[in-house]
Amino acid sequence: MTKSILHYFIVILIVALLSSCFISATLISNGLLSTTKQEMLYSLKLIDYAMDYHKPLEEQIEKMNPLAYSDQTRISIIDIKGNVIADTVSESISENHLERQEVQEAIRDQIGYAQRRSEITDENMLYAAIYSQGYIIRLSIPYNGLIDYIPLLIPALSISVIVSFGIAYILSRKLAYTISKPIIEISESLDCMTSDFRFDLKQYDYQEFNIIVDTIRNLSHRLRKSMREVKLERIKMDEILKQMNEGFVLLDENYKILSINAKAISILGNMKPYDQFMDYLYYPDIINALENNVPKQAIQMKINHNIYACYISRIDLGTTLLFVDITVAKKAEKMRSEFFSNVSHELKTPMTSIRGYSDLLAQGLVQDENQKQNMLKKIQDEVTSMSTLIDDILMLSRIENMDVEVEMSPIKMKSLVEDVLESYEIEIAKHCIHIHKDFSDMVYIGNHQQIYTLLNNIIGNAIKYNKDNGDVYIDIEPVEEAMKITIRDTGIGIPIADQARVFERFYRVDKGRSKQRGGTGLGLAIVKHIVSHYKGTIYLTSELEKGTVIEMILPQQTLKEV
């Protein structure tokens with residue numbers, strides 16, 4: 001920096017010296033010109049004083065010329081009409097001089113001056129003229145201005161320039177060092193700055209440097225404050241990204257990873273910040289979406305058996321990708337679609353039967369009273385089946401949505417089991433089913449309708465899908481702060497391939513037998529939702545032709561205080 005300042009001062013010094021020389025030369029030249037004019041005027045007045053205009057003028061000026069301003073002078077006598085009467089250089093001059101500048105000024109102002117190149121002597125000449133007694137007396141000398149004095153001025157100017165330059169160089173060097181020293185010290189202090197923008201700076205004699213020091217200190221304080229705020233915001237952002245259930249990736253303009261959370265890593269694979277996103281990406285759908293350069297777009301893709309919605313947005317900083325797991329939503333959508341399809345199918349069959357029988361009866365095509373009664377009975381059976389199906393659907397919907405606040409009350413389980421078995425007396429007697437109840441009465445806090453539905457569906461299945469002369473074992477016992485229900489039968493059993501799906505809606509292992517026994521296909525689905533509603537567990541084990549065991553554990557509920 002010192003060299004730069006010194007160089008700058010030297011340039012300024014050279015420019016100043018050159019300017020000074022030019023101005024001095026101009027002033028000297030003007031001074032010399034003014035002095036020469038005064039001396040020439042003085043010489044003209046002497047000539048005019050000595051002249052006798054009644055005698056030959058040529059001889060007079062020849063005698064006076066050596067005594068005039070210098071030995072190189074030229075004297076001319078011009079009349080009022082511009083004719084040269086006498087001249088010390090040429091004896092006969094025919095050219096009229098009335099239009100010459102010095103002649104015009106002399107006639108007008110008594111005194112005139114001009115500077116030009118002479119056509120006779122071919123030199124730069126200085127002319128001075130005065131008007132006296134009807135004549136213009138003109139004196140001219142060779143004149144080149146300052147050029148004539150350069151040989152005399154060069155030594156003095158050279159010494160002056162050298163001395164001035166030397167003194168100015170020494171002072172400039174000292175001044176440059178004085179100016180640059182505080183800046184160098186400030187720069188060195190900033191180079192030794194700590195990671196939290198702390199450094200040592202002292203006060204200086206110059207107030208301007210102290211202003212810089214104070215400004216740097218204030219800037220350092222603001223930087224530390226900003227860094228703390230940025231660090232805090234970064235911690236908050238990292239914590240938010242860490243807790244997100246969605247995968248998040250932030251890319252710069254060149255698709256380099258700026259930020260990625262743990263969920264995104266688990267979805268896309270092992271990636272880390274500053275990796276090139278495209279180099280680690282194996283999914284063409286995302287690559288094509290990024291290359292499309294659309295401001296906002298969403299794609300769906302399957303990754304590791306899960307379905308994700310990837311939302312891609314362009315921002316000023318780069319690109320964001322948000323991965324949302326929609327597997328459950330897709331499954332729920334599929335289940336809803338299958339549910340409505342199954343409901344439509346289940347309702348269509350009895351509706352077709354009812355319509356067919358009612359059309360026959362309405363048109364009077366059936367005359368036999370026994371046939372009419374059979375048709376009416378079948379219509380009633382179908383209506384009952386539809387009513388049961390609708391009731392099951394409504395109950396399943398209420399349990400799933402929990403849109404109705406259920407009332408909890410003490411339930412005597414032994415009495416509840418008796419009520420369920422009573423509703424199946426005809427079925428039990430018809431197939432000679434043997435019921436085994438080996439449990440003491442216990443009280444469970446729950447909703448009477450829900451627990452009744454649960455037992456009704458499980459015990460009903462054990463009876464419906466049993467063999468003739470089969471057995472059903474019912475056991476209810478308290479387990480810590482819960483109730484354990486075990487229903488075992490000796491029926492037809494469930495194939496291993498179907499056991500995982502029996503709790504799905506409308507799923508039937510044997511559709512023909514289920515239809516024959518009047519099942520809706522919703523019984524076990526309702527049971528599963530009731531158990532889930534009570535935060536319980538249900539286990540099923542079965543073997544073909546040997547029977548099925550269903551075990552449920554329901555935590556004890558509490559009564560709300562009124």
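Quick note: the coordinates plus some simple rules give every number you see, no bench work behind them. Owing to the predicted nature of the structure, the values given are computational and were not obtained by experimental measurement. Cβ: placed from backbone, ideal geometry, glycine included. Neighbour counts: every protein chain shown.
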Fill in: Long-range Cα-Cα pairs in the stretch 405-555 (distance over 22 Å), rounded percent
36 percent
Worksheet item: Under a 5 Å amide H to amide H cut-off, with H placed in plane at 1.01 Å, what residues pair with I85 once short-range neighbours are removed?
Response: I77, I78, D79
Worksheet item: Once Rh is set to the Kirkwood radius over Cα pairs, what Stokes-Einstein translational diffusion coefficient, in µm²/s, holds for the stretch 426-473 at a temperature of 4 °C and a viscosity of 1.567 mPa s?
Response: 107 µm²/s
Worksheet item: For L175 and T35, FRET efficiency with R0 = 25 Å and r from the beta-carbon atoms, rounded to 0.05?
Response: 0.05
Practice prompt. Would you calculate the volume per residue, in Å³, of the smallest convex hull containing every Cα atom of the stretch 244-325?
Written response: 83 Å³
Worksheet, complete the sentence: Exposure-ranked with fewest Cβ neighbours within 10 Å first, Y473, Y539, Y169 stand as Y539, Y169, Y473
Item to complete: Could you calculate the contour length gain from S24 to S353, that is, 0.36 nm times the residue separation minus the distance between their Cα atoms, to one decimal place in nm?
Response: 105.6 nm
Worksheet item: Can you flag which of K467/K546; K331/K535; K302/K331; K377/K467; K437/K535; K464/K546 are past 18 Å Cα-Cα?
Response: K331/K535; K377/K467; K437/K535
Practice prompt. Tabulate in residue order the Karplus-calculated ³J(HN,Hα) for the stretch 323-328, using 6.51 cos²θ - 1.76 cosθ + 1.60 with θ = phi - 60°, rounded to whole Hz; enter x for Gly and Pro.
Written response: 9, 10, 6, 10, 4, 4
Worksheet item: If you take the beta carbon distance between A50 and R117 as r and set R0 to 30 Å, what does 1/(1 + (r/R0)^6) give as a FRET efficiency, to the nearest 0.05?
Response: 0.50
Worksheet entry | Inter-site label distance for K81 and Q556 at 7 Å from Cα along Cβ, in nm | 15.7 nm
Discussion item. For a quick check: sort Y274, Y177, Y452 by the number of other beta carbons within 10 angstrom, fewest at the front.
Written reply: Y274, Y177, Y452
Worksheet item: Quick one: what does P(r) look like for the stretch 210-268 with 5 Å bins over all Cα pairs, in whole %?
Response: 4, 16, 15, 15, 13, 10, 8, 8, 5, 3, 2, 0
Fill in: Nearest-0.05 FRET efficiency for Y8 and I107, computed from C-beta distance (R0 60 Å)
0.55
Practice prompt. Could you check the simple spin-label distance between T541 and E407, using points 7 Å along Cα→Cβ, in nm with one decimal?
Written response: 4.0 nm
Discussion item. Please list, in order along the stretch 13-21, the HN-Hα scalar couplings obtained from phi with the Karplus expression 6.51 cos²θ - 1.76 cosθ + 1.60 (θ = phi - 60°), rounded to whole Hz, x for Gly and Pro.
Written reply: 4, 4, 4, 5, 5, 4, 5, 5, 4
Practice prompt. Please give the per residue volume of the convex hull enclosing the alpha carbon atoms of the stretch 2-150, rounded to a whole number of Å³.
Written response: 126 Å³
Worksheet entry | Integer Hz, Karplus 6.51/-1.76/1.60 couplings in order for the stretch 245-260, x for Gly and Pro | 7, 9, x, 10, 9, 10, 10, 7, 5, 9, 6, 8, 6, 9, 7, 8
Item to complete: Compute the distance in nm between two label points, each set 7 Å from the Cα along the Cα-to-Cβ direction, one at M244 and one at A429.
Response: 6.8 nm
